[in-house]
């Protein structure tokens, strides 16, 4: 165990190096990059992805994967819109119901994977289509807007006069909480042990199924929160919200040094991974580069990270 | 070993980023005092967006501005478009021109842009009126129908029997085009309109079938007014198949590339459309003028585009009339 976690720490140090290099580079090359307003808007843009990525880290650490997260984000936001704007609900109960539905998606994913032994990719591929489809069906694809300002303001308002936007604070807490959870608690050790070897974990008394179920549930709840925050930020419910989040979250996790085969994870690395994607997108955009360039560079970075992960495992085994 | 790979990965990403950023950086250095205008379109990588970009490039060259056209990599990416607009606020550009994927979702970010001292406009597709200064549109949905009718009536010498062909019966813009055709033909008492309205559901094979049966039912038909793009090429095929090419006049609303041969051979008389490149160029022209404190004026001439119409805060550029005289110069 100790050796494993040391190794992933080293690896996450690697993703920090990449992030630092990119940050230094864009600070010099791109006027306006280090601007406080720019960094703040960047943090707000990526807070939602951060929430999903931190949950994804736990799922992957326990040996699973979840590609339904984007659909869950879309469904949560759309439900919120339908309840509040079409049925006149108050914000809070509507958000609670939307979150509960997100939790149900996680429960379905977790039960199918952990208790029925189904393939995580296939299960979550199915729930991805189901959730995204449901988001479209709710309004026939029409987007909804007209939320009260006290709701849309949470995207920009600072927490307790600190100037840190609420979504950024929530995501920061999620990262800190998960880091502690993974490194300092019995649950965290159980997650890593389940991912490293389910059999060995079972033998040492860990309830692997329950642990895996919990990671899926947690991820979907985080995706639900992300869906609500995203809806506030763009002040619109739209069925396509959170598109590509599965790709971006998994890329961030892998860039951060978490092994796709489970058992090794770095929450700090994932944070660095999300920041790397944010910095890359923003830096290229400030340079007037098209979004096409960025998508290709991200894809190459993902392939490279997976390649490194593979080689690393071959070299150490 | 691991570190070596990481180092290589870092180097590769930074090198790629530096290549990309430098391109933009140099432009920026050269244009310190030129107005910097960024167009944010719905999506990149489709032919229509390429045409829009030609207009942006032309504006950069001819108007002494720094003009960029950006957009998300995939279609209908509402978040991606908002992120791009937020970046432009951070860049402190002089003006942002948006064609929103979703009109209401861009309202907060466009409001923030104006608060940050950036002039906000829309083109091609509109946002809520209160968050932009003016909107430049490709055509007035009714007027384009009137123009088609006018041209057809002129080619018919003011008399004849005309059929109207639309695309789908429920599309809002097409209904307005048809209204325009009917209105335009009212001026010509010698022209009668043959009912019912033909609908091709935006498919060329249905346009061919519909035109053939119409020609059988009304052998004395002398003209077709088509308001969706598969109409004119479909009718042309029908006329060739029935041996009536050149005898029946056809005007439509099609891309030059769809009707090039038919126009050159005289089967289709012409079409009316707006040029996406002109749309962007005219917008850039009016934005520059607005930044200098001059509002768009009704009837104002835009070089190479023509006279604009101003209705409230909406600006319309003239359509282009496509005939065999100019079709080879139009590469879209």
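Annotations
- Tail weight of P(r) past 17 Å, computed on alpha-carbon pairs of region B:57-168, percent: 65 percent
- Considering only beta bridges that DSSP places wholly inside the protein assembly as shown, some 25 percent are antiparallel.
- Using only the C-alpha atoms, the convex hull of region A:1-134 corresponds to 167 Å³ per residue.
- Taking B:331, B:141 and counting other C-beta atoms within 10 Å, the order from fewest to most: B:331, B:141
- Structural size metrics of the protein assembly as shown, computed from C-alpha coordinates, are Rg and Dmax of 28.8, 95 Å.
- Neighbour-count ranking [beta-carbon atoms within 10 angstrom, fewest first] of A:315, A:286: A:315, A:286
- Simple label model, 7 Å out from Cα along Cβ direction - residue B:129 to residue B:195, nm: 3.5 nm
- As a length-normalised measure over Cα pairs under 8 Å and 6 or more apart, the relative contact order of region B:141-290 settles at 24 percent.
- Cα long-axis angle, helix B:172-185 against chain B (0 to 90 degrees, to the nearest 10): 40 degrees
- Residue A:184 paired with residue B:173, simple spin-label distance in nm, labels 7 Å along Cα-to-beta-carbon: 5.8 nm
- Averaged over the residues of B:80-93, the number of partner chain Cβ atoms lying within 10 Å of the residue Cβ comes to 6.
- Number of partner chain Cβ atoms within 10 Å, mean per residue of A:17-29: 4
- Base-10 log of normalised Debye intensity for region B:182-327 (one unit scatterer per alpha-carbon) at q = 0.09, 0.12 Å⁻¹: -0.37, -0.60
- Equivalent ellipsoid semi-axes - Cα gyration tensor, chain B, angstrom: 44, 23, 18
- The simple spin-label model puts a point 7 Å past each Cα toward its Cβ; for residue A:311 and residue A:157 those points are separated by 5.0 nm.
- Equivalent ellipsoid of region B:139-240: semi-axes from √(5λ) of the C-alpha gyration tensor, largest first, are 19, 18, 10 Å.
- Translational diffusion of region A:148-260, estimated by Stokes-Einstein from the Kirkwood radius over alpha carbon pairs at 25 °C in a medium of 0.890 mPa s, is 150 µm² per second.
- For region A:181-317, taking Cα atoms only, Rg and Dmax work out to 17.5, 56 Å respectively.
- Stokes-Einstein D (µm²/s) once Rh is taken as the Kirkwood radius of region A:204-275 over alpha-carbon pairs, at 25 °C in 0.890 mPa s: 175 µm²/s
- Mean residue ellipticity, 222 nm, helices only, chain B: the sum of -39500 (n - 2.57) across DSSP H runs of n ≥ 4, divided by residue count and rounded to 500, is -14500 deg cm²/dmol.
- Dividing the summed -39500 (n - 2.57) terms of all DSSP H runs of n ≥ 4 by the residue count of chain A sets its mean residue ellipticity at 222 nm at -24500 deg cm²/dmol.
- When Rg and Dmax are taken over the Cα atoms of region A:82-139, they come to 13.9, 41 Å.
- Among A:201, A:62, A:265: highest mean-square fluctuation, GNM of chain A, C-alpha pairs under 10 Å: A:201
- Residue-averaged beta-carbon neighbours from other chains (10 angstrom radius) around B:294-303: 0
- Relative contact order (%) - criterion: Cα under 8 Å, at least six apart; region: region B:240-283: 41 percent
- With Cα atoms, 0 to 90° folded angle of helix B:276-291 axis to chain B main axis: 50 degrees
- For the listed peptides B:208-215, B:94-101, a ranking on the average number of other beta carbons within 10 Å per residue, highest first, reads B:94-101, B:208-215.
- For A:26, A:175, A:238, order by how many other beta-carbon atoms lie within 10 Å, fewest first: A:175, A:26, A:238
- Here the Kirkwood formula puts the hydrodynamic radius of chain A at 19.8 Å, using every distinct Cα pair.
- Bridges between two residues of region B:186-332, per DSSP, are antiparallel at a rate of about 60%.
- At R0 = 45 Å, FRET efficiency that the Cβ-Cβ distance of residue B:159 and residue A:137 yields, to 0.05: 0.25
- Computed over region A:111-160, the ratio Rg/Rh where both radii use C-alpha atoms and Rh is Kirkwood: 1.24
Read-outs throughout are calculated quantities, based only on the coordinates presented, and are distinct from any laboratory measurement. Quick caveat: nothing in here was measured; it's all calculated off a predicted structure. For neighbour counting, all protein chains shown are included, and Cβ atoms are generated from backbone atoms with ideal geometry for every residue, glycine included.
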